[in-house]
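The values are calculated or read from the model by the stated rules, or taken from the named source; none is laboratory data. Please read these numbers as outputs of a predicted model, since none were measured by experiment. Note: ideal-geometry Cβ built from the backbone for every residue, glycine included; neighbour counts use all protein chains shown. These accessible areas exclude ligands, DNA and RNA; they are computed on the full protein's heavy atoms, side chains included. Shrake-Rupley method; radii C 1.70, N 1.55, O 1.52, S 1.80 Å.
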Amino acid sequence: MRTLETLNFDNTYTRLPEVFFERVTPTGFQTSHLVSFNPSAAALIDLDPDEAKRPEFHQAMGGKLLLPGSEPIAMLYAGHQFGHYVSPLGDGRAILLGEVRNSRGETWDLHLKGAGLTRFSRDGDGRAVLRSTIREYLCGEAMHGLGIQTTRSLCLIGSDEAVLRESVETGAMLVRMAPSHVRFGTFEVFFYRRQHDHLKTLADYVLAGHFPHLVDGPEPYARFLREVAERTGRLIAQWQAVGWAHGVMNTDNMSILGLTLDYGPYGFMDDFNPGFIPNHSDHRGRYSFQNQPDIGYWNVRAIAQALSPLVEEADVLGAPEIYEATMQQTYTDLMQAKLGLKEARDGDDKLRRDLLALMHSNHVDYTNFFRALGFFNQDPSANEHLRDRFLDREGFDWWADRYRARLKAERSVDVERKARMDACNPKYVLRNYLVQVAIERATRHRDYSEIDRLRELLCRPFDDQPEMNEYAAPPPDWGKQIVVSCSS
Ligand code: AMP
Ligand code: MG
């Protein structure tokens, strides 16, 4: 176990050409305190959880105290925002403190979000507010609990500093971790500046650190691009299967490692609604739930274009197709598993689509329905609990008869199927109203207990946790109307 002083930061990114980043000193808060600490992320860097009790901990994680070996930088990147190329963007309020190599040889970036102005801050103030850092902190861990690739959350630091958004809020910092924070937009910036030597340097850096299996083989860049396309396809299929929308799928928010990155106005759906738009400012629904697979394709085209100086044209053109095939196959597999089907048969797509259409028109809760479907009984009289979720009872009966026949065709055994379904249909997800309760308690009363309760609940979303049953409830009326904007 390590202490703060023996984390032994390295910072390989600083050995890249100076144009890749800006050296910065984080701007700590006048006064700060620990809001929440996540021991399971700390374990990834071998950090002794008792270290969180030291005053030096919130000072170091709040940017006031530099730890040995840390060379803080803000990374340069660009990106397509809502379809338009914007350059440069870069870390306008996040600072890479350095990398920690754990005892298993993995390296983890420690990235401090809300740490003050950098050269890339543009009109921003370099800060993040407690509300938005709680949202990112919890969702990173909730996604991890669901088995979805994501940045992880180490801790949240609170302050007394006023930060102006639509109203006055308090500033906070989030320390998040990832093997790398390189984005599609990190490549794009060098492509559009026609700095192809830098593009190659970046590709070599990313390959050496994160795709070592490709380094010595043939066509390393083409295979890299293919793998990025596949990882992105898998990621977005997982989002679709779990009913989650990112909200701002700009290419600067797309991780080159296929991680869920930059949690802003995201949302888990309550009632199934393909047109779900979590971001109140996304008036045209570019990043609606149902558009995510297509936006993934668009974004993979953007990274392929950015890598075009390093790969053949056929690879540039092929990458989105690889994405599409991976995304489709992964989504199909995940939905088959959600339905408890072991085999793939003709008609399964239609069975699934008909269910989703029924759920949509009947305003059925996505998470809860799939969890409850695990109790489906092949005795037709025993499914009232499912039937009652639909206003259109006959519509459900029509679907249930076909589902029953389909289960019979693969000799499905009810109890066995339920166990499989419970392992892939979560009981608990980070519904907007749940995170809102945690935010209100934290911002109004400095009561941070709900943050930890949710974090602990959501690291085991597939387990029945009977004492936490109320957290599986669909939103109360007030919880359906929460507006989430880009402001953070
Ligand atoms: P985001 O919408 O959070 O993905 O951010 C897009 C870009 O705006 C990135 O370059 C961010 O670093 C920058 N940005 C967002 N909020 C702020 C802020 N409060 N201060 C400075 N830069 C910001
Ligand atoms: Mg971002």
Next item on the list: Would you kindly find the accessible area of TYR77, with a 1.4 Å probe and non-protein molecules such as ligands, DNA and RNA excluded, rounding to the nearest 10 Å²?
Entry: 20
Checklist line | Dipole of the stretch 339-422 [Lys/Arg +1, Asp/Glu -1 at C-beta], most positive-end residue of PHE396, VAL415, SER361 | finding: VAL415
Notebook entry, point to check: Using a basic spin-label model with each label point 7 Å from the Cα along Cα→Cβ, how many nm lie between ALA325 and VAL86?
Noted result: 3.5
Note to self: Ignoring ligands, DNA and RNA, please state the percent of accessible area on the stretch 339-422 from carbon and sulfur, probe 1.4 Å.
What the structure shows: 54
Item checked: 21 Å Cα-Cα reach of LYS64 towards lysines, excluding residues that sit fewer than 8 places from it in its own chain -> LYS53, LYS113
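Keeping every protein chain in place, order ASP50, ASP123 by accessible area at 1.4 Å, biggest value first, i.e. largest first.
Working: ASP50 85, ASP123 165 Å².
Correct descending sequence by accessible area is ASP123, ASP50.
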Next item on the list: Compute the FRET efficiency between ALA423 and ARG194 as 1/(1 + (r/R0)^6), taking r as their Cβ-Cβ distance and R0 = 60 Å, and round to the nearest 0.05.
Entry: 0.75
Notebook entry, point to check: If one takes the longest principal axis of the Cα atoms in the chain, at what angle in degrees, from 0 to 90 and to the nearest 10, does the Cα axis of helix 432-445 lie?
Noted result: 50
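When the helix-only estimate is applied to the chain (DSSP H runs of n ≥ 4, each -39,500 (n - 2.57), divided by the residue count), what is the mean residue ellipticity at 222 nm, nearest 500 deg cm²/dmol?
On the way: 17 runs with 201 residues, N = 488.
Helices in the chain give a 222 nm mean residue ellipticity of -12500 deg cm²/dmol.
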Margin query: Placing one identical point scatterer on every Cα of the chain and ignoring solvent, what is log10 I(q)/I(0) from the Debye formula at q = 0.08 Å⁻¹?
Written below: -0.50
Next item on the list: Using the heavy atoms of the protein chains and a 1.4 angstrom probe, tell me the accessible area per residue for the stretch 236-377 in square angstrom.
Entry: 36
Item checked: Distance between the stretch 1-49 and the stretch 370-446 - C-alpha centres, whole angstrom -> 41
Check: Does the stretch 77-194 classify as rounded, prolate or oblate by the C-alpha gyration tensor (a ≥ b ≥ c root eigenvalues; a/c under 1.5 gives rounded; else a/b over b/c gives prolate, otherwise oblate)?
Finding: oblate
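Shape call for the stretch 88-139 from the C-alpha gyration tensor, a ≥ b ≥ c root eigenvalues: rounded (a/c under 1.5), prolate (a/b greater than b/c) or oblate?
On the way: a/c = 3.18, a/b = 1.53, b/c = 2.08.
Since a/c reaches 1.5 but b/c is at least a/b, the shape of the stretch 88-139 is classed as oblate.
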Checklist line | About the Cα centre, charge dipole magnitude for the chain (Lys/Arg +1, Asp/Glu -1 at Cβ), debye | finding: 260
Next item on the list: Any chance you could give the angle, 0 to 90 degrees and rounded to 10, that helix 220-242 forms with the longest Cα principal axis of the chain?
Entry: 50
Next item on the list: Just tell me which lysines come within less than 26 Å, Cα to Cα, of LYS480; anything on the same chain fewer than 8 places away is out.
Entry: LYS338, LYS427
Notebook entry, point to check: Quick one: helix 130-145 against the long Cα principal axis of the chain, what's the angle to the nearest 10°, folded into 0 to 90?
Noted result: 60
Notebook entry, point to check: Of ALA115, PRO466, GLN81, whose Cα points farthest to the positive end of the dipole of the chain (charges on the beta-carbon: +1 Lys, Arg; -1 Asp, Glu; origin at the Cα centre)?
Noted result: GLN81
Next item on the list: Pop a pseudo-label 7 angstrom from the Cα along the beta-carbon direction at both HIS280 and GLN481 and give the gap in nm to one decimal.
Entry: 1.2
Checklist line | FRET efficiency, ASP10 to ASP379 (Cβ-Cβ, R0 56 Å, nearest 0.05) | finding: 0.35
Checklist line | Solvent-accessible area, 1.4 Å probe, carbon plus sulfur percent, for the stretch 185-263 | finding: 48
Notebook entry, point to check: Where the accessible area of the stretch 4-181 is counted over protein heavy atoms with a 1.4 Å probe, how much of it, in %, is carbon and sulfur?
Noted result: 52
Notebook entry, point to check: Per Stokes-Einstein, at 10 °C and 1.306 mPa s, what whole-number D in µm² s⁻¹ belongs to the stretch 137-261, with the Kirkwood radius over Cα pairs as the hydrodynamic radius?
Noted result: 96
Check: With every protein chain present, what accessible area does TYR205 have (1.4 Å probe, heavy atoms only), rounded to the nearest 10 Å²?
Finding: 50
Check: So which aspartates and glutamates pass the test for LYS342, namely a Cα distance under 17 Å, with those fewer than 8 places away in the same chain ruled out?
Finding: ASP333, GLU410, ASP414, GLU416, ASP422
Check: Measuring from the lowest to the highest alpha carbon on each principal axis, how far does the stretch 185-337 reach, largest first, in angstroms?
Finding: 48, 34, 26
Next item on the list: Convert 10 °C to kelvin, take the viscosity as 1.306 mPa s, use the Kirkwood radius over C-alpha pairs of the stretch 1-100 as Rh, and evaluate the Stokes-Einstein diffusion coefficient in µm²/s, rounded to a whole number.
Entry: 105
Margin query: Report, to one decimal in Å, the Kirkwood hydrodynamic radius for the stretch 4-181 based on all distinct Cα pairs.
Written below: 16.4
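Based on the mean of other Cβ atoms within 10 Å per residue, sort peptides 109-121, 162-174 so the most packed one is first.
On the way: 109-121: 22.8, 162-174: 17.3.
The packing order, highest mean first, is 109-121, 162-174.
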